[in-house]
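Structure, as structure tokens:
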Amino acid sequence: MEGLTPGKQDNGAKTQFTLRGFSQTGGIRIYTFEGTGGGRRANYTVGVDLALIPRYGIRIQDLPLLCQELLQQRLEPDEISSATFTEQDMRSLAEKRATEREQAEQRKKQPRRPANGNPGAAWRTTFR
């Protein structure tokens, strides 16, 4: 599975992150990404505690993309090349998804307005 996402780079060029794979030790999964951009390449890793993901409704197949987004948001030049998808990150994601679901429900519940100001006028006729 490969994915490319723009990230930050010190010279203004966008870093592209490509998933290279993962390894797992115990309940910790480590995703490995290659970042390329601005004429340089670097490897990045993101660790995830798999025991936490069910608590926040995160599916395991969503983790690579979520880790990639984490790198995109947090990566700064000359920083350490590893990150952890923390419980706080998972909680924030769950809260964001809950808010989005609530907003979608509100949009569904809003009454629909008729196309014109006189509903039913199309089927009513006056007979003389």
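When segment 34-69 is filtered for residues that are within 14 Å of PHE85 (Cα to Cα), of a type outside the set (A, V, I, L, M) and touching a strand residue (DSSP E or B) at 6+ places or on another chain (Cβ under 9 Å), the ones remaining, listed by number, are TYR44, THR45, GLY47, ASP49, PRO64, CYS67, GLN68. For residues in segment 42-63 being touching a Gly at 6+ places or on another chain (Cβ under 7 Å) and of a type outside the set (Phe, Trp, Tyr), which is modelled with the lowest pLDDT? My answer is ALA42. If you go through segment 32-54 and keep only what is of a type in the set (A, V, I, L, M, F, W, C) and part of a strand (DSSP E or B), you end up with PHE33, ALA42, VAL46, VAL48.
For segment 24-31, the criterion of a residue being of a type in the set (A, V, I, L, M) and either modelled with pLDDT of 95 or more or in a loop (DSSP other than H, G, I, E, B) (or both) is satisfied by at least one position.
The values are calculated or read from the model by the stated rules, or taken from the named source; none is laboratory data. This is a predicted model, so every value here is computed, not measured. Cβ sites come from the backbone with ideal geometry, for glycine too, and all protein chains shown count toward neighbours.
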